[in-house]
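The structure under discussion appears below in the form of structure tokens.
The values are calculated or read from the model by the stated rules, or taken from the named source; none is laboratory data. Predicted model only: the values in this text are computed from it and were never measured. Because the Cβ atoms are built from the backbone with ideal geometry, glycine has one as well, and the counts that use them run over all protein chains shown. Side chains are part of the model used for accessible areas, which takes the heavy atoms of the whole protein and leaves out ligands, DNA and RNA. Shrake-Rupley method; radii C 1.70, N 1.55, O 1.52, S 1.80 Å.
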Amino acid sequence: MRKRGSKGSALVLTIMISLILLTLTTAMSFYAVTEVKQTALQQKKLQAHYIARSGADLVVKWLTSMDSDQASDFANRSFPVSSAETPFGNGSFTINISDNGDILTVMSTGKVPDTSGFVEDTVSVVLNKASSGGAVDIEYAIFGKSEIDAQNVVGDLGINSSAKAALSFKNKNKGNVDGTIYIPIGADPDEVINNKPDDVPVNHTSFPIYPKLDPASLPDPESIPNKWDSRNYYDGDVYVEGDLKLSGNESIKVVGNIYVTGNVDIQGDKTSLTIEEGSIYVYGTDIKIGSGSLSGNIITRAERVELSGNGGITGVLYAPEAEVIIGNKNKDDDDGKVIGAVIADKVTMHGSKSSVTYDPDLASAVPIIVEDSTVTFEMGYWK
């Protein structure tokens, strides 16, 4: 009896072990099949990614190799622009290009066949749209390419630098900025902004290209109807050979553009230059306005612009290469003012009363024309 019982127990144990082994074998086989499928799917996904990347690379190379005329024609198309499905290797890619103002976004979707249909992956790359010349949009109270030290600003501020403390304020008083601060995409606000005023919003953006004033844009003097002399009123464009200096309570009005081959210096409490239906183009290196005023746009390739002694500008100061200094660091009550906008490389505001107030009407009243408008595309970054 015991012998037969032992045989029965051994049989049951054998069956149980066999069932366990069968279950483990089945589980391992299922796991192995799943791993094989997952590995194959990952390989397909990787293939789709590289096909999408190759398609985006081809489009970027095509866009950035365009000359300015081709790029300008492309920029004037209706967006978004999409391609047909393009065969590539053992798969294909499709391109979609969207226009977001100052940037183009190229989205490429790669696709490879799979037993269940297709496997897809998408990559995106951003290209900067570099504008040169033409009418320039003025959207900020102050735009600085590399550095701003500001106070008493009414309107938005833009700093196109990710450097530490590229944008600084003298104190954290919210009244220092009545607007929004814009910094480059990817920049750290805590690094870029020093002493940020409380409760002032910060946004990231891509900034437009502010083209330089081309020396070749100076018209032929013989084509300009007026030469600068002792008049107080000029009807039509005016040509100034050399420096333009005003003082002694002079009050001069020009209906048209002024072209100055040298520097500009305006002094005197009651000295004023008013420009209507035009702008003053300054091709020299320095502009000084102290205890005087200029009403109209200044478009210049100057390296330095100074407003002090209650000197002021009513209009747009377009000086993308210049260091602009508003106020006098040695006189706290010195009152340099701009009502309009400032575009510069560096902007420094001194004293306690210096201010810049954005006026959208003034910013758009007379277009800022630098030269013929062209567009080129430059590589930005992968998303």
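See the values below:
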| read-out | value |
| --- | --- |
| Other-chain or far-sequence residues with amide H under 5 Å of N310's (modelled H) | S291, D335, G336 |
| Label-point separation in nm, E378 to T14, each point 7 Å along Cα→Cβ | 8.3 |
| With all protein chains modelled, accessible area of R77 [1.4 Å, Å²] | 130 |
| Cross-link reach list, aspartates and glutamates versus K111, counting only Cα pairs under 13 Å and skipping chain neighbours closer than eight places | E85, E120, D121 |
| Carbon and sulfur %, accessible surface of the chain computed with the full protein complex present, 1.4 Å | 50 |
| DSSP loop GluC sites (Glu not before Pro) with at most 16 other Cβ within 10 Å excluded, longest remaining stretch of the chain | 86-240 |
| Of K331, K129, K196, the one that fluctuates the most in a GNM where the chain has Cα springs shorter than 10 Å | K331 |
| Charge dipole magnitude, Cβ of K and R +1, D and E -1 - region 259-383, Cα centre, debye nearest 20 | 260 |
| Candidate residues F79, F118: accessible-area rank, largest first, probe 1.4 Å | F118, F79 |
| Peptides 56-67, 339-350 ordered by average Cβ neighbours within 10 Å, highest first | 339-350, 56-67 |
| Per residue, in Å², the accessible surface of the chain once ligands and nucleic acids are set aside, probe 1.4 Å | 51 |
| Gyration tensor (alpha-carbon) shape descriptor, region 210-325, a/c threshold 1.5 | oblate |
| Where only alpha carbons of the chain are counted, the Rg and the Dmax (Å) | 33.0, 138 |
| Sequence of F88, F207 when ordered by accessible area, the most exposed leading, probe 1.4 angstrom | F88, F207 |
| Cβ-based charge dipole, the chain, positive-most Cα from L362, P225, A187 | A187 |
| Over region 123-221, relative contact order from alpha-carbon pairs under 8 Å, at least 6 apart, % | 26 |
| Crossing angle, helix 2-64 versus the chain [Cα axis fit, 0-90 degrees, rounded to tens] | 30 |
| Relative contact order, percent, the chain [alpha-carbon distance under 8 Å, six or more residues apart] | 15 |
| In Hz, Karplus ³J(HN,Hα) per residue of region 221-234 (6.51, -1.76, 1.60; θ = phi - 60°; x = Gly, Pro) | x, 5, 8, 9, x, 10, 9, 5, 9, 8, 6, 9, 9, 10 |
